[in-house]
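The values are calculated or read from the model by the stated rules, or taken from the named source; none is laboratory data. Since this is a predicted model, take the numbers as computed values, not measurements. Cβ coordinates were reconstructed from backbone atoms using ideal geometry, including for glycine residues, and neighbour counts include every protein chain displayed.
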Amino acid sequence: MGKDECKTMLDALNKVTACYRHLVIALGSTSDSQNLREELKKTRKKAQELAVANRTKLTTLLKDKSISKDDRAEYERLWVLFTSSMELLEVDMKRSLEIGQDFPLKVPTRHLIQTGMTGSTTTVAARAMSVQNMKYEADASIDTVDLKELETEIAQVDQMMEEMEMKVQVAPWAVEAKQEAGAELKSTVSVGNSSVGVISICEEEPKETVEGETGLMKVQ
Amino acid sequence: MTINTLSQDGVQRQQMPCLTKMERMIISMQDPDMGIKLRNQRLLITVIPHAMTGIDIVEWLIKKFSISDEEALHIGQLFVKYGYIYPLKEPRNLILKADDSPYRFQTPYYWMSTRWPASELDYAIYLAKKNIRKQGELIEYEKECYNALHKRINHTWDFVVMQAREQLRASKQRRKADRIVLECQEQAYWLVTRPPPGTLDNIDYGPERRTMNTRVQLNAEFYKKEIEHNRISLARNRVKSSICLESYVKYCEQYQPHDPIMQGCLPSNPWITDDIMFWNMNSEAVAVPTKLRVECWSFSFMELLNDPMGRKEFLTYLEKEFSAENLCFWQACEDVRHGETSKIPEKVDEVYKQFLSPGASRWVNIDSKTMEKTLEGLKHPHRFVLDDAQMHIYFLMKKDSYPRYLKSELYKNLLARAIVPQETKKSVFPFMRRQRHSSPSPALATQTGEDDGKAKNSNSVKSNSGTASRL
């Protein structure tokens, strides 16, 4: 059925958006590396594929005049979710361009910000790409070469969003959320049909707050 | 779709220059040789690198820029205030302490940026994440924000929940130390961008512009316009700050004795003592002006003209010199400029008849070029048609008559006669609290005799308290 398919695709896009944001946050920090740049590129491409797929599916569904009113309301809700996801993606892409330009990897005088994050992001990227392990195959100049591609992709996304605005008439104020406030506290069945399964979100170490006493070790 | 300010602007916002400067400094702090020495932060079992103490930061700033203690502390405070560095011990207290309190650098994504203001959607996702992590135990103001956002962006609330869950799942993929850092970073970012009620907002993004043209075509036409715009901007006249600051200092020095707040005003500040003698003594029609007032006329020509008494005195002087028509002409032009639009044609006509026409009774001496231009313009009179002529006469008076007036006997006598008001004696009990009360509404024309009988000042000249004759 169209609805379930839509929801699965939307979930996938949502997942990739979240992972992409996570990766962009690491840009410019000590977690940054050549691998991160490649991960960003791959995740981005995946996001775009999903975006196009989602858009095509949803536009066909919305253009169909013969659907029931309830169905239509549901599709409009999914449409709003889709556009919100695209918004986040667009901003993150623009920011990754900016930060990527400000922090080229190979320039010795340009230092990465020492933020305390030192681990790699490969597991996040693997999650985005839905693979077990990431393979890295890019060459050394990815941090500059990729930026050019990124610029074109941003322009494409911009254009796509403009088209979406023009072609699909969905009034956001007419859409009502299914979840009420505080819904995230309940057990986490995702909005769509996610294949990731039910994951418990509660904190593993609730007592360990960083606001507690911290001691600094001496300088090494 | 949420209304996104970023996509609505055809042109992106610029990053504020002070923020760019701060960013440069932060980056220079990262230098492995010349930058700040970092330590490790120990949290029970986890060790997180890249922490520094407040005193480290201050000392580094002092060394790098050769500045004083105070200035270094101030700059350090700015870093913390704008979120480039965040405190580890008391995250809500965004100040820099010059002791061994720990701090850490913020990741570039979360740097303060006027180009990328935080959106409501982002904040909602953050609150939802926090809600999940803390099992519903949000702080009071966060709960309010949460509920407000739930109402405002309700149409996309499902997305908020979805995204919050996914972001948490994504961060679960990192190792423990990084997760802690991520949480701290995000918390610090939102403390700066959405400060709790009662704290000052750090940055003003300016009004949000919603332009009709949402997107511009990046074609040759666009770039040509950009180039032209930048070229004109480059050619703009700029004054070096060393020069304009000099004149600024001179101005301040000259006007300081006249400033009622800096110097106090004699006899007393009406807003404090409810005694309106100050206004009475400086009114238009007073017989003897105050010394400060007359001195002020010597500062600039505009000061003289702006004071009605000054203008009258100047007119008297000009009459003696047989050049009074200049000032009258100037006044008439002002009247045209600032008066009713409907009366402009008739006023301009009057001016022409009185001052500009060949046989006019009070003919003003304007150079031929300006006269020609003005007469041409008179055919289609508008508010500013007399501007050129007025400017000419203004400069004539300013260069010629005004300096002579300041040297004249008339002015000097007035200055000698001018009085310095006596300061009203303070009340006998200096610690007695003056009770303030609000004045009756200025709409009340009558003088409400509201003499509260409080001991304000023992000066016998005391007007009705509470009535401001001139606000």
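Every residue, every condition in (1) free of Cβ contacts under 8 Å to residues at least 40 places away in the same chain; (2) out of contact with any Asp or Glu (no Cβ under 6 Å at 6 or more places or on another chain); (3) of a type in the set (Ser, Thr, Tyr); (4) more than 7 Å from chain A (Cβ to nearest Cβ), yes or no:
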| residue | (1), (2), (3), (4) |
| --- | --- |
| B:Tyr123 | no, yes, yes, yes |
| B:Glu137 | yes, yes, no, yes |
| B:Glu144 | yes, yes, no, yes |
| B:Ala148 | yes, yes, no, yes |
| B:Asn154 | yes, yes, no, no |
| B:Val161 | yes, no, no, no |
| B:Glu166 | yes, yes, no, no |
| B:Ile180 | no, yes, no, no |
| B:Cys184 | no, yes, no, no |
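Tell me which residues, restricted to the stretch A:96-106, are in contact with a Leu (Cβ under 8 Å, 6 or more places away or on another chain), at the interface with chain B (Cβ under 8 Å from one of its Cβ atoms) and under 30 Å from A:Glu163 (Cα atoms). The one that is in contact with a Leu (Cβ under 8 Å, 6 or more places away or on another chain), at the interface with chain B (Cβ under 8 Å from one of its Cβ atoms) and under 30 Å from A:Glu163 (Cα atoms): A:Ile99. B:Tyr352 falls short on exactly one of the conditions (1) farther than 24 Å from B:Asn306 by Cβ; (2) part of a helix (DSSP H, G or I); (3) within 39 Å of the chain's Cα centre (by Cα); (4) among the hydroxyl-bearing types (Ser, Thr, Tyr), and that condition is (3). When A:Ile67 is tested against (1) modelled with pLDDT under 90; (2) assigned to a helix (DSSP H, G or I); (3) of a type outside the set (Lys, Arg); (4) surrounded by fewer than 24 Cβ atoms within 10 Å (Cβ to Cβ), only condition (2) is not met.
Just checking, does the stretch B:288-306 include any residue being within 23 Å of B:Met391 (Cβ to Cβ), in contact with a Leu (Cβ under 7 Å, 6 or more places away or on another chain), crowded, with 18+ Cβ neighbours inside 10 Å and among the aliphatic types (A, V, I, L, M)?
Looking only at the stretch B:288-306, we keep the residues that are within 23 Å of B:Met391 (Cβ to Cβ), and these are B:297-306.
When the remaining residues are screened for being in contact with a Leu (Cβ under 7 Å, 6 or more places away or on another chain), the result is B:297-298.
Okay, now just the ones that are also crowded, with 18+ Cβ neighbours inside 10 Å, so B:297.
This time we only want the ones that are among the aliphatic types (A, V, I, L, M), so: none.
Among the residues of the stretch B:288-306, not one is within 23 Å of B:Met391 (Cβ to Cβ), in contact with a Leu (Cβ under 7 Å, 6 or more places away or on another chain), crowded, with 18+ Cβ neighbours inside 10 Å and among the aliphatic types (A, V, I, L, M), which makes the answer no.
Would you call B:Arg104 assigned to a helix (DSSP H, G or I), of a type in the set (D, E, K, R) and at the interface with chain A (Cβ under 7 Å from one of its Cβ atoms)? Taking the combined requirement at face value, the residue does not satisfy it.
Within the stretch A:125-174, take every residue that is hydroxyl-bearing (Ser, Thr, Tyr) and in a loop (DSSP other than H, G, I, E, B) and give me the one that is surrounded by the most Cβ atoms within 10 Å (Cβ to Cβ).
So the first thing to find is which residues in the stretch A:125-174 are hydroxyl-bearing (Ser, Thr, Tyr), and the list is A:130, A:136, A:141, A:144, A:152.
Next cut, in a loop (DSSP other than H, G, I, E, B) only: A:130, A:136, A:141.
On the way: A:Ser130: 12, A:Tyr136: 14, A:Ser141: 12.
The selected residue is A:Tyr136.
Considering only residues that are over 30 Å from the mean Cα position of the chain (by Cα) and assigned to a loop (DSSP other than H, G, I, E, B), look in the stretch B:107-141 and name the one that is farthest from B:Asp201 (Cα to Cα). So, considering only residues that are over 30 Å from the mean Cα position of the chain (by Cα) and assigned to a loop (DSSP other than H, G, I, E, B), the one farthest from B:Asp201 (Cα to Cα) is B:Gln135.
Across the stretch B:228-277, which residue is surrounded by the most Cβ atoms within 10 Å (Cβ to Cβ) among those that are of a type in the set (Phe, Trp, Tyr) and without any contact (Cβ under 8 Å) to a residue 24 or more places away in the chain?
Going residue by residue through the stretch B:228-277, those that are of a type in the set (Phe, Trp, Tyr) are B:248, B:251, B:255, B:271.
Going one step further and asking which of them are without any contact (Cβ under 8 Å) to a residue 24 or more places away in the chain, we end up with B:248, B:251, B:271.
Details: B:Tyr248: 11, B:Tyr251: 11, B:Trp271: 14.
Across the stretch B:228-277, the extreme among qualifying residues is B:Trp271.
Per the conditions (1) more than 8 Å from chain B (Cβ to nearest Cβ); (2) farther than 30 Å from B:Pro102 by Cβ; (3) not aliphatic (A, V, I, L, M), the sole criterion not satisfied by A:Glu162 is (1).
Here the stretch B:307-325 is the region considered, the condition is being within 36 Å of the chain's Cα centre (by Cα) and without any contact (Cβ under 8 Å) to a residue 24 or more places away in the chain, and the residue that is surrounded by the fewest Cβ atoms within 10 Å (Cβ to Cβ) is B:Lys312.
Number of residues in the stretch B:151-161 that are farther than 13 Å from A:Leu88 by Cα and part of a helix (DSSP H, G or I) equals 7. When every residue of the stretch A:70-84 is checked against the conditions, none turns out to be within 14 Å of chain B (Cβ to nearest Cβ) and within 26 Å of A:Ile113 (Cβ to Cβ). Of the residues making up the stretch A:107-117, those that are in contact with a helix residue (DSSP H, G or I) (Cβ under 7 Å, 6 or more places away or on another chain) and either part of a loop (DSSP other than H, G, I, E, B) or away from chain B (no Cβ under 12 Å) (or both) number 4. Quick one: which of A:Thr43, A:Thr56, A:Thr60 is within 11 Å of another protein chain (Cβ to nearest Cβ) and hydroxyl-bearing (Ser, Thr, Tyr)? On inspection, the qualifying residue turns out to be A:Thr43. Comparison of B:Leu38, B:Leu44 shows that the only residue that is within 11 Å of chain A (Cβ to nearest Cβ), surrounded by fewer than 17 Cβ atoms within 10 Å (Cβ to Cβ) and at pLDDT below 95 is B:Leu44. Hey, can you tell me all the residues within the stretch A:1-25 that are within 26 Å of B:Tyr84 (Cβ to Cβ) and either in contact with a Phe, Trp or Tyr (Cβ under 8 Å, 6 or more places away or on another chain) or of a type outside the set (A, V, I, L, M, F, W, C) (or both)? A:Tyr20, A:Arg21, A:His22, A:Val24, A:Ile25 - these are the residues of the stretch A:1-25 that are within 26 Å of B:Tyr84 (Cβ to Cβ) and either in contact with a Phe, Trp or Tyr (Cβ under 8 Å, 6 or more places away or on another chain) or of a type outside the set (A, V, I, L, M, F, W, C) (or both).
Take A:Val80 and decide whether it is part of a helix (DSSP H, G or I), of a type in the set (A, V, I, L, M) and buried (at least 21 other Cβ atoms within 10 Å of the Cβ).
On the way: part of a helix (DSSP H, G or I): yes; of a type in the set (A, V, I, L, M): yes; buried (at least 21 other Cβ atoms within 10 Å of the Cβ): yes.
Answer is yes for this residue.
If you go through the stretch A:26-44 and keep only what is in contact with a Phe, Trp or Tyr (Cβ under 9 Å, 6 or more places away or on another chain), not aliphatic (A, V, I, L, M) and not in a helix (DSSP H, G or I), you end up with A:Gly28, A:Ser29, A:Asp32. A:Thr8 satisfies every condition listed in (1) of a type outside the set (Lys, Arg); (2) surrounded by fewer than 19 Cβ atoms within 10 Å (Cβ to Cβ); (3) away from chain B (no Cβ under 14 Å); (4) under 16 Å from the mean Cα position of the chain (by Cα) except (3).
Report, by residue number, each residue of the stretch A:134-159 that is farther than 29 Å from B:Trp157 by Cα, within 13 Å of another protein chain (Cβ to nearest Cβ) and out of contact with any Ser or Thr (no Cβ under 8 Å at 6 or more places or on another chain). Give the derivation first.
Filtering the stretch A:134-159 down to residues farther than 29 Å from B:Trp157 by Cα leaves A:134-152.
Checking which are within 13 Å of another protein chain (Cβ to nearest Cβ) leaves us with A:134, A:151-152.
Within the stretch A:134-159, A:Glu151, A:Thr152 meet the criteria.
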